[in-house]
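Student: Handing you a structure now.
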Protein chains: 2
Amino acid sequence: MKIARQEARTDMKNRPETGAAAPTFMPLYEQIKTLILRGLQEGEWRPGQAIPSEHDLAGRFRVSQGTVRKAIDELAAEHLLVRRQGKGTFVASHKEPRMQYRFLRLMPLQGEPEYPDSRLLECRRARASSEVARLLELKPGDGVVFLRRILLFKGEPTVADDIYLPGTIFRGLTAEIFNEYRGSLYNLFEMEFGTRMIRADENIRAVPADAEVALLLRVPRGTPLLCVDRVAYSYGDRPVEFRRGMYRTDRHCYRNTLS
Amino acid sequence: MKIARQEARTDMKNRPETGAAAPTFMPLYEQIKTLILRGLQEGEWRPGQAIPSEHDLAGRFRVSQGTVRKAIDELAAEHLLVRRQGKGTFVASHKEPRMQYRFLRLMPLQGEPEYPDSRLLECRRARASSEVARLLELKPGDGVVFLRRILLFKGEPTVADDIYLPGTIFRGLTAEIFNEYRGSLYNLFEMEFGTRMIRADENIRAVPADAEVALLLRVPRGTPLLCVDRVAYSYGDRPVEFRRGMYRTDRHCYRNTLS
DNA sequence: TAGTGGTCTAGACCACACG
DNA sequence: GTGTGGTCTAGACCACTAC
């Protein structure tokens, strides 16, 4: 819990750790950010729970409240924490409704957004292909958990997902667990496996439906579909999911905001 | 240049304008944000130019530097301003290289990102259809400027864009202006027409290439393409462009980050 | 009434760019 | 050296929530 500013008092410079080894400037609030991040990563505070008040953290870290405040501000901007005036600061969770649409960008062309139903088709252990291994930073042949599922909007099959998860983390995942769970998959992951998805990269292409997917989505073979390849990351930019989603876009579209 | 906090000194509450009419709380820095935004919108400071220093603005608005700082922080987070330590705060511009890829999400499947060449196929006056009018908040039949262009990566035609612009703003746009310009279209818009795109919403679907687009992109009819419908907004959420882009995704993909 | 986050201030000092 | 943004502090007060 000791941080560099203790030394900084004397030499008036904030440097990481020892205050002399690294030549780069590291602001105090960055160090506080790192400490809070560590608490999140190690599960000291769990999703949905409150972290200590700014005043408490300032005392614990021996810095001013304003410095803690700036650290929390940035973590809140990254959606890792959620501030609630008068109540406290909370660890972000995929249970909150506002989180749902950040990782599901499919919107109906007409009408209001709606939650899809999920139907699991397959759940088994497998070996990582070279592609999956590369994306998840595993070795080819490492154990993975493979899921195949369908998302249905108003009963219409709309998305077919193939999902690959590192076996070391998700060893215990079974069809039973999946089916007993209500809420999003990422909510299940954070509740049952202590792994929170905080960011994802998606690569989107247009491809013709092959025979298998055509059957699942009930469209003719060759129908243009969105092919959405996603790698999702947890704390520390650790990749913990690869999924390939095939999206029907006759009644929905992928919505994105550029800014 | 007078703001509500002058009154706030007495009643210790910051309220918009008169300090009594509106029942909602409006922080000082929000009011400063609005004032800076007005300067941007009215062209008091132009893209690429520096705005006054925090110290100057604090004096001008009669608030502390910290309050100006918070206002600028938020505008910088929205990419309307760019801070440069030691130099000043600058109006964001589409001329900066880092801006380019914020509004062009097409990346090569292999290899480094590259800038496309642009080829104008058509530039004419037209009347807004009901769909275009709705999206641009015009009346059906209002004058619009229509552009059709191709983007080529390494000489390969990859994107076909149909672009609709409000006639009132872009009346003077001609093929000559377009062709003489190097740099992005949005750079041209902000330089020649004083209109800066600051945000855009995109709706993405997978569609088969029709005969016309197939010819332009040199693909067989029916080839799956991304259809990207974009509405771009300027200051004050004013829609100022609608474009429909058809993207080949055999060598490129649309890249997106969820967070 | 107490505790939380949110706003605002005033001032000191640091890092960076430029002449 | 001067001016810019960046960090950090200490303290006052406001708005919101809960008890």
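Student: So which strands (runs of 3 or more DSSP E) stay within the stretch A:188-256 end to end and still have 1 or more residues that are among the aromatic types (Phe, Trp, Tyr) and not assigned by TED's automatic domain parsing to the domain that holds A:Gln41? Break it down stepwise before answering.
Tutor: Details: elements: A:199-208, A:224-234, A:238-247.
The qualifying strands (runs of 3 or more DSSP E) are A:224-234, A:238-247.
Student: Here's something else I'd like to know. Among the candidates A:Glu156, A:Glu180, A:Glu190, which residue alone is over 28 Å from A:Gly111 (Cα atoms), out of contact with any Leu (no Cβ under 8 Å at 6 or more places or on another chain), surrounded by fewer than 21 Cβ atoms within 10 Å (Cβ to Cβ) and away from chain B (no Cβ under 14 Å)?
Tutor: Numbers: A:Glu156 fails: over 28 Å from A:Gly111 (Cα atoms); A:Glu190 fails: surrounded by fewer than 21 Cβ atoms within 10 Å (Cβ to Cβ).
Selected residue: A:Glu180, the only one of A:Glu156, A:Glu180, A:Glu190 that is over 28 Å from A:Gly111 (Cα atoms), out of contact with any Leu (no Cβ under 8 Å at 6 or more places or on another chain), surrounded by fewer than 21 Cβ atoms within 10 Å (Cβ to Cβ) and away from chain B (no Cβ under 14 Å).
Student: Among the residues of the stretch B:45-92, how many are more than 12 Å from DNA strand C (Cβ to nearest atom), surrounded by 14 or more Cβ atoms within 10 Å (Cβ to Cβ) and either assigned to a helix (DSSP H, G or I) or among the small types (Gly, Ala, Ser) (or both)?
Tutor: Looking only at that region, the number is 5.
Student: Look through the stretch B:65-81, keep the residues that are near DNA strand D (Cβ under 9 Å from one of its atoms) and of a type outside the set (Lys, Arg), and return whichever of them is farthest from the other protein chains (Cβ to nearest Cβ).
Tutor: Of the stretch B:65-81, the ones near DNA strand D (Cβ under 9 Å from one of its atoms) are B:65-66, B:68-69, B:72-73, B:76.
Of the ones still in play, those that are also of a type outside the set (Lys, Arg) are B:65-66, B:68, B:72-73, B:76.
Values: B:Gln65: 14, B:Gly66: 10, B:Val68: 16, B:Ile72: 15, B:Asp73: 9, B:Ala76: 12 Å.
Going through the qualifying residues, I end up with B:Val68.
A quick yes/no check of all residues on (1) hydroxyl-bearing (Ser, Thr, Tyr); (2) touching a strand residue (DSSP E or B) at 6+ places or on another chain (Cβ under 6 Å); (3) closer than 30 Å to B:Asp229 by Cβ; (4) in the same structural domain as B:Thr195 (by TED's automatic domain parsing):
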residue	(1), (2), (3), (4)
B:Leu28	no, no, no, no
B:Gly39	no, no, no, no
B:Trp45	no, yes, no, no
B:Pro52	no, no, no, no
B:Ala58	no, no, no, no
B:Leu106	no, yes, yes, yes
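Student: In addition: Condition first: within 14 Å of chain A (Cβ to nearest Cβ) and either near DNA strand D (Cβ under 7 Å from one of its atoms) or not aliphatic (A, V, I, L, M) (or both). Now tell me which residues in the stretch B:82-99 satisfy that.
Tutor: Listed by number, the residues that qualify are B:Gln85, B:Gly86, B:His94, B:Arg98.
The values are calculated or read from the model by the stated rules, or taken from the named source; none is laboratory data. Please read these numbers as outputs of a predicted model, since none were measured by experiment. For neighbour counting, all protein chains shown are included, and Cβ atoms are generated from backbone atoms with ideal geometry for every residue, glycine included.
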